[in-house]
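Encoded as structure tokens, the structure appears first; notes follow it.
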Amino acid sequence: MKTVRLTPCAESKFPLVEGLRFFHDTDSDLYYFNATEPLLRADAGKGLGVERFFSLRECLITPLMEMNGLSHERLCVRDTEGNLYLEECLVIPFMAYVESWFWPYMVLRMEELLSLGVTLSDDMTRLFYRTRFGQDAEARNHEESHGR
């Protein structure tokens, strides 16, 4: 596995997924996410690992690899401290592998996108609601609907 020097990205590409951090490899101009942290958080005796991820998700990984013109060696790298990083095209299948809630959540978002033509995260919906009706509108609505 190749060892690379990575630069942290200023903001997360997936702010709804807590702790998912992205990095840039300036030599290859590829972006990676830290897979070590989600694996450590999720693997409470589940036997999760990067090798198992690659073997279980082969039907998803191969098309992503081909579509992005990536070699297998570029999909997984280490930094000098030994942390594992996966190329950004693998973030959705990887998160579905380590977080049981993620795949059903993505299926719902995809269903909305295909049926309605648009989908919004829960946080974005709340932001639009507060922008339109005011910061305390959500609390007022909650109180009114619960008879308080």
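Carbon and sulfur: what percent of the chain's accessible surface (1.4 Å probe)? Don't jump to the answer; show the numbers that get you there.
Values: 5380 of 9700 Å².
The nonpolar share, carbon plus sulfur, comes to 56 percent.
Of all the Cα-Cα pairs you can form in the stretch 28-76, what percent are over 15 Å apart? Intermediate results must be reported in sequence, preceding the final value.
On the way: 635 of 1176 pairs.
Counting pairs separated by more than 15 Å, the tail of P(r) holds 54 percent.
Could you work out the local net charge near R74, counting Lys and Arg as +1, Asp and Glu as -1, over the other residues with Cβ closer than 10 Å to its Cβ? Before the final figure, lay out each step's value.
Numbers: positive: K2; negative: D25, E73, E87.
With Lys, Arg at +1 and Asp, Glu at -1, the net is -2.
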Folded to 0 to 90 degrees: helix 102-116 orientation relative to the chain principal axis, Cα: 60
Karplus-derived HN-Hα couplings along the stretch 46-57 (A = 6.51, B = -1.76, C = 1.60, θ = phi - 60°), whole Hz, x at Gly and Pro: 8, x, 7, x, 5, 4, 5, 4, 5, 6, 6, 10
Helix axis angle, 58-67 relative to the chain longest principal axis, alpha carbon, degrees: 80
Nearest-ten-degree value, helix 122-133 long axis tilted from longest Cα axis of the chain: 30
Tail beyond 17 Å, pair distance distribution of the stretch 26-136 (Cα, percent): 64
Per-residue ³J(HN,Hα) for the stretch 27-33, Karplus 6.51 cos²θ - 1.76 cosθ + 1.60, θ = phi - 60°, Hz, x for Gly and Pro: 5, 9, 6, 9, 10, 10, 10
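Evaluate the stretch 1-89: find the radius of gyration of its Cα atoms, find its Kirkwood radius, and give the ratio Rg to Rh. Could the numbers behind the result be given before it?
Details: Rg = 13.0 Å, Rh = 13.7 Å.
Radius of gyration over Kirkwood radius for the stretch 1-89 works out to 0.94.
Taking only protein heavy atoms into account and a 1.4 Å probe, give the accessible area per residue of the stretch 57-133 in Å². Walk me through the numbers on the way to the answer.
Values: 4860 Å² over 77 residues.
Dividing the accessible area of the stretch 57-133 by its residue count gives 63 Å².
Pulled fully out, how much extra length does the chain show between A10 and E81, if you take 0.36 nm times their separation in residues and subtract their Cα-Cα distance? Walk me through the intermediate numbers first.
On the way: separation 71, 0.36 × 71 = 25.56 nm, distance 2.06 nm.
Stretched fully, the A10-E81 segment lengthens by 23.5 nm.
Rounded to the nearest 500 deg cm²/dmol, what is the calculated helix-only ellipticity per residue at 222 nm for the chain, with -39500 (n - 2.57) per DSSP H run of length n ≥ 4? Present the calculation step by step, with values, prior to reporting the outcome.
Working: 8 runs with 72 residues, N = 148.
For the chain, the value works out to -13500 deg cm²/dmol.
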Distant-in-sequence amide H partners of L30 (H built 1.01 Å from N, under 5 Å): D25
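The values are calculated or read from the model by the stated rules, or taken from the named source; none is laboratory data. Because the structure is a prediction, the values reported are computed rather than measured. Here the Cβ is made from the backbone with ideal geometry for all residues, glycine too, and neighbour counts use every protein chain on show. Accessible surface is based on the protein model in full, side chains and every heavy atom, while ligands, DNA and RNA are left aside. Shrake-Rupley method; radii C 1.70, N 1.55, O 1.52, S 1.80 Å.
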